[in-house]
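Comments concern the structure below.
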Amino acid sequence: MLKWALIFFVVSLITGFLGFSGVSAATATIARVLFFIAIVVFLIFVVLAFMAGSAVL
């Protein structure tokens, strides 16, 4: 998921540089949403790992 966020971010930078502000804003928004979803999924897995680790002990 972070890979796709990075791809959309690079596309946003390129289109912004070339002057396509609408496309740049849209891809930046997509990249931001994907990044925050990846952070939430990461935090969920961290919490699950701590819960599983305490269950083993």
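The values are calculated or read from the model by the stated rules, or taken from the named source; none is laboratory data. All values derive from a computational prediction rather than experimental measurement. Heavy atoms of the whole protein, side chains included, go into the accessibility calculation; ligands, DNA and RNA do not. Shrake-Rupley method; radii C 1.70, N 1.55, O 1.52, S 1.80 Å.
Below, the figures for the structure above:
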{"quantity": "³J(HN,Hα), Karplus 6.51/-1.76/1.60, whole Hz, each residue of region 7-12, x for Gly, Pro", "calculated": "4, 5, 5, 5, 4, 4"}
{"quantity": "Using alpha-carbon coordinates, inclination of helix 21-56 to the longest axis of the chain, degrees", "calculated": "10 degrees"}
{"quantity": "Value of relative contact order over the chain, rounded to a whole percent, pairs C-alpha under 8 Å and six or more apart", "calculated": "36 percent"}
{"quantity": "Length released on extending from M1 to S21, taking residue separation times 0.36 nm less the Cα-Cα span", "calculated": "4.8 nm"}
{"quantity": "Heavy-atom surface of region 1-40, accessible at 1.4 Å and reported per residue (Å²)", "calculated": "73 Å²"}
